[in-house]
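Here is the structure we will look at, set down as structure tokens.
Nothing in this text is a laboratory measurement; each read-out follows from the coordinates by a stated rule. Computed from a predicted model, the values in this text were never measured in an experiment. As a convention, Cβ positions derive from the backbone with ideal geometry for all residues, glycine included, and neighbour counts pool all protein chains shown.
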Amino acid sequence: MTKQELLHLKIDPVDDEIYQKVKTNWDAHSKPIDGFGDFEEAICRIAAATRSEEIDLSRRGAIIMIADNGIVEEGISQSGKEITRSVAGNLGDGISTVSKLGAGAGVDIIPVDIGIDCEETIPGVIDAKVRPGTNNFLKEKAMTEAEMLQAISYGIELVGDLRGRGYRILATGEMGIGNTTTSTALLCALLDQDPKTVTGRGAGLSDQGLLHKQEVIRLGLERYKDTFLSCRNRGEEALEVLNCIGGLDIAGLVGIYLGGAIHHIPIIIDGLISSVAALIAERICPGTKSYMLASHKGREGGNALVLKELGLPYYILGDMALGEGTGAVLLFSLLDTILYYYKNGSTFTKTKIEAYKRF
């Protein structure tokens with residue numbers, strides 16, 4: 001897919017008629033109007049996205065995009081890039097944190113090597129490597145435009161393939177040392193934020209390490225400032241920012257969100273990295289966010305900021321900072337419970353209680 005084809009993608013609106021039917025069904029349950037708050041809205045939005053009142057969440061997966069980031073050269077993490085390869089192996093073996101959460105929640109974990117800095121194919125991990133890690137964005141653009149588009153296109157294609165295999169809802173996740181730096185840099189560029197106010201500690205930086213990380217992000221933004229200002233619209237800017245200072249994991253996730261909108265599959269956002277990818281997807285193709293659900297607030301301060309920009313509520317307030325799609329996977333158990341009630345809860349007709357009226 002070319003850059004212009006991507007920018008001219010048309011996203012189908014969700015089905016408002018289905019949304020209203022499900023909302024009416026909720027109002028028929030023997031409870032106060034909107035008693036389950038955002039959870040009622042979540043079920044309505046899932047139905048509208050999938051275009052069916054018969055909501056089926058039984059086949060679900062979490063796509064974990066894995067990539068290395070050249071900016072690690074600048075010492076912005078307490079861990080080296082070798083950890084990315086190690087965790088990818090654990091994902092392939094089904095023993096990582098999200099793998100175990102997925103087993104408990106009935107979620108298939110789908111790890112993807114979109115840019116790990118290694119030569120071998122990792123057992124249990126899909127090999128979709130665009131290149132072995134990005135460049136150090138303080139020295140040159142993180143990736144070429146062609147590489148960025150390849151990663152985005154792969155994400156779109158993967159969602160289409162999974163839909164063909166029966167999946168009707170997906171979650172996002174990622175893994176890659178240094179990606180809180182790339183995602184925070186993207187956030188600052190797209191939302192005009194000061195790195196000092198939104199940069200988090202990632203996997204656990206010291207005070208000195210945090211200051212250094214903030215400075216690295218500031219220098220990166222300064223290096224490409226004129227390039228970003230020359231963009232003609234928000235879609236072009238989002239792609240240019242991703243191209244210059246982003247990561248291949250984020251580019252792949254952008255494709256997942258776009259694929260969800262194209263193939264009418266709801267996509268659950270995880271934490272900071274996933275939410276920044278969601279923002280980029282929405283900037284490229286407005287309307288994509290109608291197919292998204294946020295899972296949790298996260299410890300990284302920028303996450304809530306991005307979700308506010310997207311206008312998406314989060315459902316879990318757990319001070320999580322684990323990544324790998326863990327927050328997104330946890331949301332499935334809540335959705336299962338509320339969906340069970342939606343399908344089996346008593347109605348005012350059955351209980352012979354006078355129904356509440358919506359004003």
Q: May I ask for the distance between the Cα centers of segment 176-210 and segment 311-333, given as a whole number of Å?
A: 19 Å
Q: Please give the calculated 222 nm ellipticity per residue for the chain, where each DSSP H segment of at least 4 residues contributes -39500 (n - 2.57) and the sum is spread over every residue; nearest 500 deg cm²/dmol?
A: -16000 deg cm²/dmol
(Q) With a 10 Å cut-off between alpha carbons and a GNM built on the chain, which of D27, D108, D192 moves the most? (A) D192
Q) What nm value, rounded to one decimal, do you get for the distance between E82 and L317 when each label is placed 7 Å out toward the C-beta? A) 4.2 nm
Q. Straight-line reach from K3: which lysines have Cα under 29 Å away, leaving out those fewer than 8 places along the same chain?
A. K129, K139, K141, K225, K289, K308
**Q.** Rounded to whole Å, sorted largest first: equivalent-ellipsoid semi-axes of segment 4-85, Cα gyration tensor
**A.** 41, 20, 13
**Q.** Per residue convex hull volume, Cα atoms of segment 1-140, in Å³
**A.** 191 Å³
Q. Which helices, taking whole DSSP H runs in the chain, have alpha carbons extending 24 angstrom or more along the helix axis plus mean Kyte-Doolittle at least -0.5?
A. 145-164, 326-344
Q: With a 10 Å radius around each residue's Cβ, average the other Cβ atoms per peptide and rank 328-337, 276-285, 176-185, highest first.
A: 176-185, 276-285, 328-337
**Q.** Estimated inter-spin distance, N344 and E215, nm [label 7 Å along Cα→Cβ]
**A.** 5.9 nm
Q | Reciprocal mean inverse distance between Cα atoms of segment 207-359 - Kirkwood radius, Å | A | 17.7 Å
Q. Given the convex hull of the Cα atoms of the chain, what is a quarter of its surface area in nm²?
A. 17.7 nm²
Q) Sorted from fewest to most neighbouring beta carbons within 10 Å, what does the list H8, H263 look like? A) H8, H263
Q) Sorted by mean Cβ packing within 10 Å, highest first, what order do the peptides 60-69, 79-88 take? A) 60-69, 79-88
